1. Look at the stretch 163-174 and say how many of its residues are more than 21 Å from residue 97 (Cβ to Cβ) and either modelled with pLDDT under 95 or out of contact with any strand residue (DSSP E or B) (no Cβ under 7 Å at 6 or more places or on another chain) (or both).
2. What number of residues in the stretch 204-224 are of a type in the set (Val, Ile, Thr) and assigned to a loop (DSSP other than H, G, I, E, B)?
3. If I ask for residues that are more than 17 Å from the chain's Cα centre (by Cα), under 17 Å from residue 175 (Cα atoms) and of a type in the set (A, V, I, L, M, F, W, C), which ones from the stretch 41-91 would you list?
4. Report the residue count in the stretch 225-246 for those that are in contact with an Asp or Glu (Cβ under 9 Å, 6 or more places away or on another chain), of a type in the set (Lys, Arg) and in a loop (DSSP other than H, G, I, E, B).
5. Quick check on my filter: what residues within the stretch 127-157 are under 11 Å from residue 183 (Cα atoms) and in contact (Cβ under 8 Å) with a residue 60 or more places away in the chain?
6. Under 6 Å by Cβ, and 6 or more places apart or on different chains, what pairs join a residue from the stretch 224-245 that is closer than 19 Å to residue 64 by Cα with one that is of a type in the set (D, E, K, R) and in a strand (DSSP E or B)?
7. Consider only pairs whose beta carbons are under 9 Å apart and that are at least six residues apart or on different chains; among these, list those whose first residue lies in the stretch 73-101 and is closer than 26 Å to residue 123 by Cα and outside the structural domain of residue 51 (by TED's automatic domain parsing) and whose second residue is of a type in the set (Lys, Arg) and surrounded by fewer than 13 Cβ atoms within 10 Å (Cβ to Cβ).
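The values are calculated or read from the model by the stated rules, or taken from the named source; none is laboratory data. Values in this document were obtained by computation on a predicted structure and should not be read as measured data. Using ideal geometry, Cβ is built from the backbone for each residue, glycine included, and neighbour counts are taken over all protein chains shown.
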Amino acid sequence: MSDASLQTAAAQTDADPRAPLVTAAFADRSRLPAAAEAVRSVLADLDAGRLRVATPPEAPDGEWTVHGWLQQAVVLAFALFDIRAIEGGDLLWQDRLPPKRLTAAEGVRAVPPGVARYGSHLEPGVILMPGFVNIGAYVGRGTMVDTWATVGSCAQIGRDVHLAGGVGIGGVLEPPGARPVIVEDGAFLGSRCIVVEGVRVGREAVLGANVVLTASTPIIDVTGPEERIVKGHVPPRSVVIPGTRPKVFPAGTYQVPCALIVGHRSESTDRKTSLNAALRGFDVQA
């Protein structure tokens, strides 16, 4: 799907005639039989990339649009499928939803035992190592989901992103309308990073190994004469490392986790060069 058609689809998403059926069934499960076909078709559209739980802004620094009724459809889908056996050679699983069938036509390289669940979408050029992509998630072209990295339900991963080994991207289904984790184009997340609770990682940002970001984690820019603190959003091209800061409790003063912005990737170099420079110049471990 082209960027232009994606923007058109985003504008039409909440006007979809299936939306009121899904919303009514989510509020009153007795209406689910009447909405069953709508829910199944929504899941198929999510799987094919025709719909996205959250759509990117037209302007680079604009706000993403979250479509809560699509999150509702994902929740309702679990009530429509019975648990059944899923076989892969000698291996056997039990689940309500099957894994995606990634054929050559999808243009995705999936290394065993990497699994993407039905209802997620991987654009052509994605490399899925032995990791996992959950239902409702969207992964952009050229992105690598490295070994034992996980992409949670409805998370939105941009293009040319690297999720290094063991990265944990949190998922969200409820409450409907809650922003999923968003990792924008060109970002690099080092080994064992954890990003949850709807945190947005800006384009071409670099997160060093073991950075943990929740909605309440202080993200402190220490590159200037005075600290600047943000929460829930890593600014574009930031280079981030894990840190701690003191906090006073009744029992005493203790160090609590934070994240430190220690620099920024250069706009004068290409992504590959600036990434290597960031990792070396700021002593960031990948």
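1. Matching residues across the stretch 163-174 total 2.
2. Here is the first cut: in the stretch 204-224, the ones of a type in the set (Val, Ile, Thr) are 206, 211-212, 214, 217, 219-220, 222-223.
So of that shortlist, the ones also assigned to a loop (DSSP other than H, G, I, E, B) come out as 211, 214, 217, 222-223.
Result for the stretch 204-224: 5.
3. Result: 69, 73, 75, 76, 77, 78.
4. 1
5. 138, 156
6. 233/200
7. The qualifying pairs are 95/84; 96/84; 98/84.
Here's the yes/no breakdown for (1) within 25 Å of residue 203 (Cβ to Cβ); (2) among the β-branched types (Val, Ile, Thr); (3) surrounded by 21 or more Cβ atoms within 10 Å (Cβ to Cβ):
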position: 57; (1), (2), (3): yes, no, no
position: 61; (1), (2), (3): yes, no, no
position: 82; (1), (2), (3): no, no, no
position: 93; (1), (2), (3): no, no, no
position: 124; (1), (2), (3): yes, no, no
position: 133; (1), (2), (3): yes, yes, yes
position: 143; (1), (2), (3): yes, yes, yes
